[in-house]
Amino acid sequence: MKKIIAFAGSNSKNSINGQLVAYLANQITSASVSVIHLTDYEIPMYSIDIETEQGFPVDVTILKNKISESDGVILSVNEHNGTVSAFFKNILDWLSRVDRNFLSGKKIFLLSTSPGARGGKNALAYTKGTLPHMGGTVVESFSFPSFQENFDSTSKTITNPTLAIGVSEVIASFLQEVDG
């Protein structure tokens, strides 16, 4: 059975991107999906001084190894002020210092959501352009608009039928790529 790691690029305990990742993970039955929370890892703000004087934080190496052990990655990026959050950018900075191609051979389903109608499209575009430089292949991407209007956080379901169909189709396409 293929292994997929899924996470949101957010450090909010109430992350809507985290809720979307959890929903997607629950839709997949043909692969083993492990949902992780980046806030469970102690990762300082990147600094060449920290890297030089202390080396790589243990949790960065643990996270990199978890990604390496997977066949695919589901990643939902949040958007702050029109770009990815500083929290997520910091994670990428550290991971790429441990191994510039830490996503080598990984098929990636990239998505984003936001409270607004654009669904985090700027963060999605930035990340879609960045991950290939780290060895990954973004095989699917999806912008989920107006999260609170289209997702019920209590029942953990997509309430907009059109979006539900679109998400299902993208998941199926991603899984076909992972199965290779």
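Taking the criterion of being of a type outside the set (Ser, Thr, Tyr), within 26 Å of Ser143 (Cβ to Cβ) and open to solvent by 70 Å² or more (accessible area, probe 1.4 Å), the residues of the stretch 26-65 that qualify are Asn26, Gln27, His37. Within the stretch 154-163, being surrounded by fewer than 15 Cβ atoms within 10 Å (Cβ to Cβ) and at negative phi holds for Thr154, Ser155, Thr157, Thr159, Pro161, Thr162. Within the stretch 158-169, does at least one residue satisfy the condition of being in a helix (DSSP H, G or I), under 18 Å from Ala6 (Cα atoms) and of a type in the set (A, V, I, L, M, F, W, C)? Yes; the residues of the stretch 158-169 include at least one that is in a helix (DSSP H, G or I), under 18 Å from Ala6 (Cα atoms) and of a type in the set (A, V, I, L, M, F, W, C).
Somewhere in the stretch 144-153, is a residue within 20 Å of Ser15 (Cα to Cα) and open to solvent by 70 Å² or more (accessible area, probe 1.4 Å)? Talk me through it step by step, then tell me what you get.
We begin by selecting, within the stretch 144-153, every residue within 20 Å of Ser15 (Cα to Cα); these are 144-153.
Within this subset, residues satisfying the condition of being open to solvent by 70 Å² or more (accessible area, probe 1.4 Å) are 148-149.
Yes, there is a match, as at least one residue in the stretch 144-153 is within 20 Å of Ser15 (Cα to Cα) and open to solvent by 70 Å² or more (accessible area, probe 1.4 Å).
Check the stretch 91-102 and report whether any residue there is open to solvent by less than 40 Å² (accessible area, probe 1.4 Å) and in contact with an Asp or Glu (Cβ under 8 Å, 6 or more places away or on another chain). Looking through the stretch 91-102, none of the residues is open to solvent by less than 40 Å² (accessible area, probe 1.4 Å) and in contact with an Asp or Glu (Cβ under 8 Å, 6 or more places away or on another chain).
Just to be sure before I move on: is Ser112 open to solvent by 20 Å² or more (accessible area, probe 1.4 Å) and not charged (D, E, K, R) in the structure I sent? Spelling it out, it is not the case that Ser112 is open to solvent by 20 Å² or more (accessible area, probe 1.4 Å) and not charged (D, E, K, R). Could you tell me whether any residue of the stretch 119-138 is aliphatic (A, V, I, L, M), exposed (fewer than 15 other Cβ atoms within 10 Å of the Cβ), over 15 Å from Val21 (Cα atoms) and touching a residue at least 24 places away in the same chain (Cβ under 8 Å)? Among the residues of the stretch 119-138, not one is aliphatic (A, V, I, L, M), exposed (fewer than 15 other Cβ atoms within 10 Å of the Cβ), over 15 Å from Val21 (Cα atoms) and touching a residue at least 24 places away in the same chain (Cβ under 8 Å), which makes the answer no. Checked against the criterion of being open to solvent by 10 Å² or more (accessible area, probe 1.4 Å), within 21 Å of Asn17 (Cα to Cα), in contact with an Asp or Glu (Cβ under 9 Å, 6 or more places away or on another chain) and not small (Gly, Ala, Ser), the stretch 72-84 has no qualifying residue.
The values are calculated or read from the model by the stated rules, or taken from the named source; none is laboratory data. The model shown is predicted, which means the values in this text are computed figures rather than measured ones. Cβ: placed from backbone, ideal geometry, glycine included. Neighbour counts: every protein chain shown. Side chains included, ligands, DNA and RNA excluded: accessible areas come from the protein's heavy atoms. Shrake-Rupley method; radii C 1.70, N 1.55, O 1.52, S 1.80 Å.
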